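See structure below.
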Amino acid sequence: MRYPEFLKDRGTIGFVAPSMGCTTEPYRSAFDNAIKRFHSMGYKTIEGPNCRCDSGIGISNTPKKCAEELNESYASVDSDVLISCGGGELMCEVVPYIDFERVKQSKPKWYMGYSDNTNFTFLEATIADTAGIYGPCAGSFGMEVWHESLTDAFNLLCGRKLSFTNYPMWEKESIKDENAPFVGYNLTEKSCISSIPAVAKESMLSMRGRLLGGCMDCLINLLGTSFDHVREFNERYSDDGIIWFLEACDLNVMGMRRAMWQMKNAGWFSNVKGFLIGRPAHFGEEMFGIDHRQALSSLLREFNVPIIMDLDIGHMSPMMPVVCGSMADVSFDGSSFTISYDIEQ
């Protein structure tokens, strides 16, 4: 696995928009404020040509132009790290134009984004053996007062922090809108992490393995395509074992279960060490008398590995930054969750 160099003081942050650009409110103002904040911290910034473009369908531009921006920005020496402008709907259409061979041959560069950005963070790990960060997109850093999770994500980009713990509160309903583009998270809910140990009545869960995952909505779209290299990835890293981190956006309770069934029966979990499940965007909903916890845990029990659910991963803010492709040590004592990355440079 290739690990990029961390962002140095007064380095250059590049922004790209292989999914949605920052063209509507509150995203445009939040993006502007993020850039202002980074400049005040002494960093330089550079925007890709699609960052303020909205001429595509579900993405910032045509799939080919979105890929060209990513290909050029990744290989360019003008930026030190890349942060995606945002998520979206159809980054999958960009994937055929991404030059993963060029990514392999280029000096590795940190790329950070989540949701639709799974189409790159997952594939750069499984195809190009290059680690990426499943974490906040550019506009989040426009928050007037950064939440601890944003400081964590930026400190990870800079290599100042490699171990993270869960946050005490999370937001179920955001109050960020065009009239309040810089507002902080609406933290109304207490942390609700639960776990299912591999061994009955085990009070302390711990595991070590290589992280792989992202947004399930995107992952099942990639599954079975020519971009599905998970079987080979499992073979290359068979000695490490895989800790899967997964979360869902549009999928409802049964949609999540179907997605997990599909991944399981495709053999993706053949080398699994454990599961880290983020809070789904459809949190709290039930179908046929069960919620997402019951729907997923009953399907995954057969692997007899630790399952930790409702983590700070993904769409329900705040989110912990997750290094896709990295070796990691994970622990959970019933209330406190910790993840530490083993990054070699």
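Brief remarks on what is shown
- Across the range 12-161, C-alpha contacts under 8 Å between residues 6 or more apart give a mean separation that, scaled by the residue count, equals a relative contact order of 28 percent.
- When shorter helices are ignored and each DSSP H run of at least 4 residues is given -39500 (n - 2.57), the per-residue value for the chain at 222 nm works out to -7500 deg cm²/dmol.
- Within-14-Å neighbourhood charge of GLN294 [Cβ basis; K, R +1; D, E -1]: -1
- Net charge, GLU47 excluded, C-beta distance under 12 Å - Lys, Arg +1, Asp, Glu -1: -1
- Over 24 Å apart at the Cα level, from the set LYS8/LYS65; LYS65/LYS107; LYS107/LYS264; LYS104/LYS264, are LYS8/LYS65; LYS107/LYS264; LYS104/LYS264.
- Rounded to the nearest 20, the Cβ-based charge dipole of the range 1-123 about its Cα centre (Lys and Arg +1, Asp and Glu -1) stands at 380 debye.
- Taking every DSSP bridge with both residues inside the range 12-161, close to 0 percent are antiparallel.
- In whole angstrom, the range 234-345 maps to an equivalent ellipsoid with semi-axes of 23, 18, 12, each derived as √(5λ) from the alpha carbon gyration tensor and ordered largest first.
- Antiparallel DSSP beta bridges within the chain, as percent of all bridges there, nearest 5: 45 percent
- Relative packing of 307-314, 285-292, 164-171, which averages over residues the other C-beta atoms within 10 Å, highest first: 307-314, 164-171, 285-292
- Among MET20, MET260, MET41, residue whose mean-square fluctuation peaks in a GNM of the chain (springs only between Cα atoms under 10 Å): MET41
- Spatially proximal lysines relative to LYS36 (Cα-Cα < 16 Å; intrachain offsets below 8 disregarded): LYS44
- Between the range 101-115 and the range 1-34, the C-alpha centres lie 14 angstrom from each other.
- Computed packing ranks the peptides 70-81, 7-18 as 7-18, 70-81, most packed first, by mean other Cβ atoms within 10 Å.
Bear in mind that the values in this text are calculations on the coordinates, not laboratory data. The model shown is predicted, which means the values in this text are computed figures rather than measured ones. Cβ: placed from backbone, ideal geometry, glycine included. Neighbour counts: every protein chain shown.
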